[in-house]
Structure formats: structure tokens, C-alpha cells
Amino acid sequence: MKKILIVEDEPSMRMGLSDNLEFEGYEVSVSSDGQAGLQLILNNSFDLVVLDVMLPSMTGFEICKTVRKKGNSTPIILLTAKGEEIDKVRGLELGADDYITKPFSLRELLARIKAVLRRQSVTTDNQTSAPSSNAIELGRLRVLPDAYEAFSDEEPIKMSHKEFEIIRYLWEHARQPVSRYDLLENIWGYEDDQPTTRTVDNFIVKLRQKIETNPNDPRHILTVHGVGYKLIP
Ligand code: CA
């Protein structure tokens, strides 16, 4: 049974989530305080944490940052309030696996939880049974870079050689900002028809359409303003 921790100070939200997740078959623990939640995460091995951002004694962002700093990779889904939406990229940069904005439907949260848990088990399986050059799982997209095969929602799709190389490069530099010039130099090299940074942007647009559930609100290939892009697995 998968173990989920809910850290949320609002009693009705905490109890509602707890009841529903238990009903879905998860083993649920709860905390209403930031510091206490942090200690629970560090001292237990939860399969996933649903973490509110605005909490007494410590924010969800601070918790996330501290947990990752200590080398703990427990998957975290942040609950942000509407006005905090601007902070979503910050949340992902601090090491959250996903976020969901209040008010949200239970169905949506359950879908996110399942997706994060599935990604987690894929990562763990890969770590124990196969070298890192195997499948890249990114949102709707699954890529076998060595075989030059790609699937979107498990349907085979066509991807160009350049698209494979870009994904592979971003994947190898996951969570780090990669500049357009890095990509030009490493993917295009010194080809005759001089590509521009605009070429890179066009490729990213195409890749987002294959990866992201909503290409206008990307969660996996983020724009780093003035620099380039950052891949969040
Ligand atoms: Ca709160």
C-alpha cells in the first residue's frame, strides 16, 4: 500500500483529502504544521507528500528546499493558492515534482498523484535494472533515444533526429538551465546553414506539443528567461 503524507493546515481540506485518499486505497498520514511536516518527511519513507505552500512555522517552499538539500527525493506535489500561481516555477525549481492550484477537483489531484507515483516507480526500476541510457519518460512522451523511437500517450510518433538529440541533451542536464547557445553548439555544431536561437525556440515549441498536457503551461520544458530552457523530469 502506497504511503502518502498530507501537510495542510486548513482542517476541512486536510480531512477531506485524507478521507478521499484513504478511500482510494492509500495509507494516509497528516500534519497541520510546517516544521512538524518536515520532520515527518525526513524521518519516514513516504511514497508521496501532498504539501500546502502556506503553512504555520514554515512554508511548503522552504520544506521542499530543505528536504532536497538533505538528499531526500520523496516525491512532492505542492498545493498552491490562486494568487501564488506565479510561484509554480519556483516550486518546481526547489525540487517539487508537480503542483496543483486551489481550488482543484479531487479527480485532478488523484490523476497527478498517480502520475507522480508511476514516474517514481519507473525511475526506481531503471535505477535497479538498467543503465541510465534507457527510456526517457517526460509527461506524455516516452523516448528510447538509442533506438530513436518515441511514443506519445503510448502511441508511436515521429520525431526528427534533432528532436531526439535535444531531448537527450536536456535530459542529461535535467534541472539545470541550458542556454540556446549550448544547444546550438552541442546539437547543431558547426553546420553550413547557420541556425539561429530562433531555430532552437521552434524546436522547443514542437517538443512541448509532444510532451506537455498543456503546451501553453509547460511543466517539463520550462523557459528560463534571458537564458534558455530547463528540463524538469
Ligand atoms: Ca494553508
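The values are calculated or read from the model by the stated rules, or taken from the named source; none is laboratory data. Since the structure is predicted, the reported quantities are computational estimates derived from the model, not experimental observations. In this analysis, Cβ positions are derived from the backbone assuming ideal geometry, glycine residues included, and neighbour counts consider all displayed protein chains. Side chains included, ligands, DNA and RNA excluded: accessible areas come from the protein's heavy atoms. Shrake-Rupley method; radii C 1.70, N 1.55, O 1.52, S 1.80 Å.
Can you name every residue in the stretch 195-204 that is in a loop (DSSP other than H, G, I, E, B) and open to solvent by less than 40 Å² (accessible area, probe 1.4 Å)?
Here is the first cut: in the stretch 195-204, the residues in a loop (DSSP other than H, G, I, E, B) are 195-196.
Across the stretch 195-204, the qualifying residue is only PRO195.
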Those residues of the stretch 30-44 which are more than 17 Å from LYS3 (Cβ to Cβ) and open to solvent by 50 Å² or more (accessible area, probe 1.4 Å) amount to SER32, GLN35
Counting only helices (runs of 4 or more DSSP H) entirely within the stretch 8-113, those with at least 3 residues that are at pLDDT below 85 and either in the same structural domain as ALA174 (by TED's automatic domain parsing) or in contact with a strand residue (DSSP E or B) (Cβ under 8 Å, 6 or more places away or on another chain) (or both) are 88-93
Within the stretch 1-14, restricting to residues that are within 11 Å of GLY37 (Cβ to Cβ) and more than 11 Å from the ligand (Cβ to nearest atom), the one that is surrounded by the fewest Cβ atoms within 10 Å (Cβ to Cβ) is LEU5
Going through (1) open to solvent by 30 Å² or more (accessible area, probe 1.4 Å); (2) modelled with pLDDT of 90 or more; (3) under 25 Å from ARG118 (Cα atoms) one by one, LEU207 fails only at (1)
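Looking only at the stretch 53-71, which residues are open to solvent by 10 Å² or more (accessible area, probe 1.4 Å) and either within 22 Å of LEU110 (Cβ to Cβ) or within 14 Å of the ligand (Cβ to nearest atom) (or both)? Steps first, answer last, please.
The first filter runs over the stretch 53-71 and keeps only residues open to solvent by 10 Å² or more (accessible area, probe 1.4 Å), leaving 54-59, 61-62, 65-66, 68-71.
Selection gives MET54, LEU55, PRO56, SER57, MET58, THR59, PHE61, GLU62.
With surrounded by 14 or more Cβ atoms within 10 Å (Cβ to Cβ) and more than 16 Å from the ligand (Cβ to nearest atom) as the only criterion, which of TYR26, TYR99 stands out? Spell out the reasoning first.
Working: TYR99 fails: more than 16 Å from the ligand (Cβ to nearest atom).
Only one candidate qualifies: TYR26.
Is there a residue being open to solvent by 80 Å² or more (accessible area, probe 1.4 Å), without any contact (Cβ under 8 Å) to a residue 24 or more places away in the chain, outside the structural domain of GLU93 (by TED's automatic domain parsing) and not in a helix (DSSP H, G or I) anywhere in the stretch 156-167?
Quick first cut of the stretch 156-167, residues open to solvent by 80 Å² or more (accessible area, probe 1.4 Å) only: 156, 158, 161.
Among the residues that remain, those that are also without any contact (Cβ under 8 Å) to a residue 24 or more places away in the chain are: 156, 158, 161.
With outside the structural domain of GLU93 (by TED's automatic domain parsing) added as a condition, the list becomes 156, 158, 161.
From what's left, not in a helix (DSSP H, G or I): 156, 158.
So far as the stretch 156-167 goes, yes, one or more of its residues are open to solvent by 80 Å² or more (accessible area, probe 1.4 Å), without any contact (Cβ under 8 Å) to a residue 24 or more places away in the chain, outside the structural domain of GLU93 (by TED's automatic domain parsing) and not in a helix (DSSP H, G or I).
Given the structure, is LEU17 within 15 Å of the ligand (Cβ to nearest atom) and over 24 Å from SER121 (Cα atoms)? Quick ask: steps written out before the conclusion?
Details: within 15 Å of the ligand (Cβ to nearest atom): yes; over 24 Å from SER121 (Cα atoms): no.
Answer is no for this residue.
How many residues are within 16 Å of the ligand (Cβ to nearest atom) and among the small types (Gly, Ala, Ser) if we restrict to the stretch 36-52? Write out each step before concluding.
Start the filter on the stretch 36-52 by keeping residues that are within 16 Å of the ligand (Cβ to nearest atom), which leaves 36-38, 49-52.
Next, only the ones that are among the small types (Gly, Ala, Ser) stay: 36-37.
Summing the residues that are within 16 Å of the ligand (Cβ to nearest atom) and among the small types (Gly, Ala, Ser) in the stretch 36-52 gives 2.
If you check GLY25 against the conditions, is it on the phi < 0 side of the Ramachandran plot and of a type in the set (Gly, Ala, Ser)? Step through it out loud before you land on a result.
On the way: on the phi < 0 side of the Ramachandran plot: no; of a type in the set (Gly, Ala, Ser): yes.
Here the answer is no, as GLY25 does not meet what is asked.
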